[in-house]
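Here is the structure we will look at.
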Amino acid sequence: QVQLVESGGGLVQAGASLRLSCVASGRTYAMGWFRQAPGKEREFVATISRNGGRIYYADSVKGRFTISRDNAKNTVYLQMNSLKPEDTAVYYCAAAQIGGATMGPGEYAYWGQGTQVTVSS
């Protein structure tokens with residue numbers, strides 16, 4: 001069982017930056033970030049493989065968000081720049097049980113509680 005704890009969310013103005021962190025209680029494999037806005041389905045944001053060699057982003061965040069990880073600290077990060085009001089959502093960290101980066105939520109066995117990101121216009 002892996003526990004995931006996200007932090008770093010908050011209320012910012014459009015154009016600002018935030019960095020989300022997700023600390024895992026143990027060794028993890030592929031990691032991902034997902035988000036869910038009010039009234040919408042949970043959607044994929046970014047994923048990174050165990051060794052960091054494979055990274056994928058949703059088209060909506062490509063060029064603005066950067067996922068990274070520090071395996072020594074069991075931590076994955078999501079650097080979010082040039083934030084837009086449409087980025088407003090609860091952001092969830094997830095851990096898969098496979099090493100390769102994956103965009104499918106069904107591949108993720110463990111989920112954090114989420115951290116709120118609100119971007120005002």
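Could we say that Val117 is assigned to a strand (DSSP E or B), open to solvent by 20 Å² or more (accessible area, probe 1.4 Å) and of a type in the set (Val, Ile, Thr) here? In short, no. Which one is least open to solvent (accessible area, probe 1.4 Å) among residues in region 84-103 that are within 24 Å of Gly39 (Cα to Cα), touching a Phe, Trp or Tyr at 6+ places or on another chain (Cβ under 9 Å) and not in a strand (DSSP E or B)? Per the criteria, the residue is Asp87. Residue count for region 39-57, restricted to those that are within 13 Å of Gly104 (Cβ to Cβ), buried (at least 19 other Cβ atoms within 10 Å of the Cβ) and of a type outside the set (A, V, I, L, M, F, W, C): 1.
Hey, among the residues in region 63-74 that are part of a strand (DSSP E or B) and surrounded by fewer than 18 Cβ atoms within 10 Å (Cβ to Cβ), which one's farthest from the chain's Cα centre (by Cα)? Here the answer is Asp70. Residue count for region 4-54, restricted to those that are small (Gly, Ala, Ser), farther than 22 Å from Thr118 by Cβ and in a loop (DSSP other than H, G, I, E, B): 6. Checked against (1) in a loop (DSSP other than H, G, I, E, B); (2) surrounded by fewer than 17 Cβ atoms within 10 Å (Cβ to Cβ), Gly106 passes all but condition (1). Based on what the data block shows, is Ala24 of a type in the set (A, V, I, L, M, F, W, C), surrounded by 15 or more Cβ atoms within 10 Å (Cβ to Cβ) and more than 28 Å from Ser120 (Cβ to Cβ)? Spelling it out, Ala24 is indeed of a type in the set (A, V, I, L, M, F, W, C), surrounded by 15 or more Cβ atoms within 10 Å (Cβ to Cβ) and more than 28 Å from Ser120 (Cβ to Cβ). For Ser60, the conditions (1) assigned to a strand (DSSP E or B); (2) without any contact (Cβ under 8 Å) to a residue 40 or more places away in the chain all hold with the exception of (1).
The values are calculated or read from the model by the stated rules, or taken from the named source; none is laboratory data. Source: prediction; values computed, not measured. Using ideal geometry, Cβ is built from the backbone for each residue, glycine included, and neighbour counts are taken over all protein chains shown. Ligands, DNA and RNA are stripped out before the accessible areas are found, and what is left, the full protein with its side chains, is counted by its heavy atoms. Shrake-Rupley method; radii C 1.70, N 1.55, O 1.52, S 1.80 Å.
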